[in-house]
1. Mind pulling the angle between the C-alpha long axis of helix 112-125 and the longest principal axis of the chain? Nearest 10 degrees, somewhere in 0 to 90.
2. Taking only Cα atoms, what is the 0 to 90° angle, nearest 10, from helix 141-152's long axis to the longest principal axis of the chain?
3. What is the distance in Å between the Cα centres of the stretch 162-177 and the stretch 30-55?
4. From the backbone phi of the stretch 226-241, what are the Karplus-calculated ³J(HN,Hα) couplings (6.51 cos²θ - 1.76 cosθ + 1.60, θ = phi - 60°) in whole Hz, Gly and Pro given as x?
5. Suppose every K and R has +1 on its Cβ and every D and E has -1 on its Cβ; what is the size of the dipole of the chain about the Cα centre, in Debye to the nearest 20?
6. For helix 97-107, what angle does its Cα long axis make with the longest principal axis of the chain, in degrees from 0 to 90 and rounded to 10?
Amino acid sequence: MTELPAALTVTGVSHAYGARKALDNVSLTVPQSRFTALLGLNGAGKTTLFSLITRLYDTRVGSIDVLGHRISREPGEALRRLGVVFQARTLDLDLSVMDNLLYHAALHGIGGRDARSRAAAALRDIGLEERARDPARKLSGGQMRRIEIARALLHEPRVLVLDEATVGLDVNSKSLILQHVRSLVRDRGVAVLWATHLLDEIAPDDAVVVLHRGQVVAAGEVATVIEAANGKDLRSAFISLTGGGNGEPA
């Protein structure tokens, strides 16, 4: 039986901004149909890694594969299988919610009735179909984030990467976003890489990768990471692995 490729594989990736090394020989694997948390304090290198995964930056050292397609060699095939939600808001605030979705669909070669059908279904999935004609600027922060996730899924990617998706949101909005993303893993088999500095966003049955000062210092099941660090819970394990970092994650 042929073994399925990992959803996302990062191998020996390094990246520097001038003399400052942001990532140092980073390797990690995101399994298919699994929620994997990338845990690290601000400045750990999470956003730089996402910029390489999404090809905002070229990978000069190491390699990144999406479902067996190397981004540097087959960027179209790799990125076609990838959905992305960046930390910064990326909706066009002057366009309607529907037009934001249709524009994204067009970028992926989806047009006409198919695009409208997918966009309408995506809005129904997140309970915001009544906001389709509203300008994006009228949405709350949590609603904007849910629209961005819906938009990222329009081309039916098998891998979804989200960089600090709950930053700036209230507790209820954070909960709704996490529930929705976890349902994508459970119900659709989407693989998720969820970058966060918040320990309470990680569930006991998640896979976790701890990134600190540009290096992976632990990876595996939550229980495995805790045991390897001789911690009593993930919080104490994180502090042990990072030497306290520049402060404790919330």
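Please treat every number below as a calculation from the coordinates, not as lab data. Treat the numbers as computed from the prediction; the structure is a model and nothing was measured. Because the Cβ atoms are built from the backbone with ideal geometry, glycine has one as well, and the counts that use them run over all protein chains shown.
1. Helix 112-125 and the main axis of the chain meet at about 60 degrees.
2. For helix 141-152, the angle is close to 90 degrees.
3. 16 Å
4. Per residue, the Karplus-derived 3J(HN,Hα) values read 4, 5, 5, 8, 6, x, 8, 7, 5, 4, 5, 5, 4, 4, 5, 5 Hz.
5. The calculated dipole for the chain is roughly 480 debye.
6. Helix 97-107 and the main axis of the chain meet at about 70 degrees.
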